[in-house]
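Chemist: Quick one: structure below, then a few questions.
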Amino acid sequence: MTTPVPQIYDEAAEQLASECRELERRSQRFVAARAVAFLGVLVLFTAALGSPDARAAGSAFGSFCLIALVVVSLRHERLQEQLNHQQRRLSLSRNAGARWRRDWKHVPVPPIAAEPGQEALATDLDLMGAGSLFHLVCRSYTQCGREQLRDLLFQPIGEPELARQRQDAVRELQGEVPWRSEFELLSLAVAYGKATPAALAEWADAPNAAPPQSYLKPLAWALPAALWASLAVAIVQRGVIGVPILISLAVVSALVALWHTGHAFAALEHVTTSRDEVVQYQAMFDHVAQLQPTATWLADLVSQLRAQDGGPAAELARLGRITRLSSQRQAGFIQATLYMISQVVFLTDLHLLAALQHWRQRNAGKVGAWFVRLGKVEAAASLAGLAFDHPNWAWPEISDNQPSLTARGIGHPLLQETQRVTNDVEVGPPGTLLLVTGSNMSGKSTLLRSIGLNALLAQAGGPVCAAELRMPPVRLGTSVRVHDSLADGVSFFMAELKRLKQIVDMAGELDAPRLLYLLDEILQGTNSAERQIAVSHVLEHLLKAGAIGAISTHDLELASLPQLAKHCHTVHFRETLDPSQSARSMTFDYQLRQGVATTTNALKLLELVGLATGKDT
């Protein structure tokens, strides 16, 4: 029997929480051991300095305590790293369980917004922000992963084959549970880093502000070589000739290092402060390179990241070695002192500058593409996580030969399974429209959003919240939540008209996927007679352009308008009023039925909230 998904996450979280508690107890013991060892060092060396009789014993035992302190400190650091690792795994397991339950307040909201021009669609369908589709799907913690997932969800596809290739990749990653878990963990490690992929790419592509002069590289090798040669001469000649030369060369080397300190610091500072992120991104690229995918879309991405020379992982490893050496200047006193000595002896900064310049020349124009590909893998992994969480969701079929969006058992993906009600629905073919009627709160808007959200999931390559879904490639045009603008002096009605004009224009665009429009209670800002005429004009434009779509309305007469009647497929939701001795209660079953709505509930709701006067009931 298959273990339920929430149980998998709960059991994993319980096990990880137990491991974290044990590691915390061990960490506390190490803290105590470090304190004892430090106290021993302090007391014994103090005793050795204070009493000649205790000098030998104090020094010996003090040295032992010092060694013990170093060993215990190193082991404690490794234990703390292990604890941090397990705590991150615990956080991800708890996030996954909360995400499955749609417990949004316990799932971090991805810090990303819709791009300009996409805000209306994002607002209408709850695509971004808390409790959104992106909130549900996203398992990426890198900027590039979030951006690529956003692009998958928002951008329409031109060819159904692309959706099928993405779907194959997502289905393959769905079964790679350990790989996905580790990949998400690696992504989380860079969540709060300073170096974003965009910043690294911008730095790599930027021209050097003051490139090293041609003489610096030979000088960086010749001067240290001469310095070491003079040291050898000084040793052999017992200082007669070599020492003055050695001192002179050391002074020259120090002056050269000092002269170029400012430029070296400016050139190395950016990547030095990003050292941790460079190492962590390298780990992500290494992890991707371990995949052996068979899905074409995913295999192409992995092969591009697994180049013959090692690809991004190898290049970031080289950059990591440069930053590791450069970071010593900002380390503790001992490391910084040794670094300054190496500056005089080896002209370290000049070698690092040359290596950094060579790295940038070799990889200019490539870094941004690396992270785009990495982000696409992350986006596919996020959709695979959604598929794993909902194994009963269907894999959609997208075809140019499919004239309609036809769904069986379609539901709203953001609702909990216990709250979700599913329906069969067909939107299209061209020349027809789905007219959804019904009372307030009966489920009309939810149905429209269910259609839109699942269409976006299907084209992204993910599973859909339905038992079956077939559709053509589409672009979405929606008017569900329209707002007025005091700043722009635009009324609600005018804002809605502008939005509808955009949708009609989208429907008329040539060489673009068919438009799927979703219109919810449009043009409420005018009287009933004018609204019917205005709505019919908008729908006639959309029908003429060959768009498919659905419109919800309270206006029961809309379906009987002569210019629309033959094009409408009318369905409705209804409510049930349960009388009782003290009050009336209203219930909804959210089941879609054929035909025009047979009930209304505005006056009944007025009574339920206590605003009826008695004349209306």
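Chemist: Summing Lys, Arg as +1 and Asp, Glu as -1, what charge do residues with Cβ under 11 Å from the Cβ of LEU149 carry, LEU149 excluded?
Modeler: Here the charged neighbours net out to +1.
Chemist: How do 28-41, 536-549 rank on mean C-beta neighbours within 10 Å, highest first?
Modeler: Numbers: 28-41: 14.6, 536-549: 19.5.
Per-residue mean Cβ counts within 10 Å order the peptides as 536-549, 28-41.
Chemist: Can you give me the relative contact order of region 1-134 as a percent, contacts being Cα pairs under 8 Å and 6 or more apart?
Modeler: 27 percent
Chemist: I want to check the label-to-label distance for VAL70 and GLU417. Put each point 7 Å from Cα in the C-beta direction and report it in nm to one decimal.
Modeler: Computed distance between label sites VAL70 and GLU417 equals 5.7 nm.
Chemist: Under a point spin-label approximation (7 Å from Cα along Cα-to-Cβ), what is the LYS366-ALA307 distance to one decimal in nm?
Modeler: For LYS366 paired with ALA307, the spin-label model returns 0.2 nm.
Chemist: Given q = 0.34 Å⁻¹, what are the Debye log10 I(q)/I(0) values for region 397-441, with equal point scatterers placed on the Cα positions and solvent ignored?
Modeler: Normalising to I(0) and taking log10 leaves -1.16.
Chemist: Need the C-alpha centroid separation for region 93-159 versus region 351-402, integer Å.
Modeler: Answer, in whole Å: 16.
Chemist: Now for a different question. Taking neighbour counts of Cβ atoms within 10 Å as a proxy for exposure, in what order, fewest first, do MET284, MET441 appear? Don't skip to the end; give the middle numbers.
Modeler: Details: MET284 26, MET441 15.
Exposure proxy ranking, most exposed first: MET441, MET284.
Chemist: Moving on to the next point. Pop out the ³J(HN,Hα) list for region 163-172 in order, Karplus 6.51 cos²θ - 1.76 cosθ + 1.60 with θ = phi - 60°, rounded to Hz; leave Gly and Pro as x.
Modeler: So the Karplus estimates, Gly and Pro as x, are 5, 5, 5, 4, 4, 4, 5, 5, 5, 5 Hz.
Chemist: Multiplying the sequence separation of GLU115 and LEU42 by 0.36 nm and subtracting their Cα-Cα distance, what value in nm do you get?
Modeler: Contour length minus Cα-Cα distance gives 20.3 nm.
Chemist: In Å and whole numbers, how far do the C-alpha atoms of region 355-441 stretch along each principal axis, longest first?
Modeler: Extents along the principal axes: 69, 36, 27 Å.
Chemist: Does region 397-608 come out rounded, prolate or oblate by the C-alpha gyration tensor, with a ≥ b ≥ c the root eigenvalues, rounded set by a/c under 1.5 and, if not, prolate when a/b is larger than b/c and oblate if not?
Modeler: Verdict is oblate for region 397-608.
Chemist: Something else: Modelled label-to-label distance, GLN402 and ASP589, 7 Å Cα→beta-carbon offset: nm?
Modeler: 2.9 nm
Chemist: Let me know the whole percent of all Cα-Cα pairs from region 46-200 that are separated by more than 22 Å.
Modeler: Cα-Cα pairs in region 46-200 separated by more than 22 Å: 61 percent.
Chemist: With +1 on the Cβ of every Lys and Arg and -1 on the Cβ of every Asp and Glu, and nothing else charged, how large is the dipole of region 397-608 about its Cα centre, in debye rounded to the nearest 20?
Modeler: In total the dipole reaches around 100 debye.
Chemist: Please give the FRET efficiency for GLU22 paired with SER59, using the beta carbon to beta carbon distance and R0 = 30 Å, rounded to the nearest 0.05.
Modeler: Here the calculated transfer efficiency is 0.20.
Chemist: If you add up the charges near VAL571, with Lys and Arg at +1 and Asp and Glu at -1, over every other residue whose beta carbon is less than 12 angstrom from its beta carbon, what do you get?
Modeler: Counting the neighbours of VAL571, the net charge comes to +1.
Chemist: Can you tell me which of 507-513, 275-281, 423-429 comes out highest on packing, and rank the rest after it, using the mean Cβ neighbours within 10 Å?
Modeler: 275-281, 423-429, 507-513
Chemist: Of GLN502, CYS568, GLN419, whose Cα points farthest to the positive end of the dipole of region 397-608 (charges on the beta-carbon: +1 Lys, Arg; -1 Asp, Glu; origin at the Cα centre)?
Modeler: Towards the positive end, the residue furthest out is GLN419.
Chemist: What FRET efficiency, computed as 1/(1 + (r/R0)^6) with R0 = 60 Å and r the Cβ-Cβ distance, is obtained for ASP505 and ALA32, rounded to the nearest 0.05? If you can, show how the numbers build up before the last one.
Modeler: Details: r = 72 Å, r/R0 = 1.20.
Between ASP505 and ALA32 the formula returns 0.25.
Chemist: Tell me, rounded to the nearest percent, the portion of alpha carbon pairs in region 5-101 spaced more than 15 Å apart.
Modeler: Roughly 68 percent, once rounded to a whole number.
Since every read-out is calculated from the coordinates, none of them should be taken as a lab result. Source: prediction; values computed, not measured. All Cβ positions, even for glycine, are placed from backbone atoms using ideal geometry, and neighbour counts span all protein chains on display.
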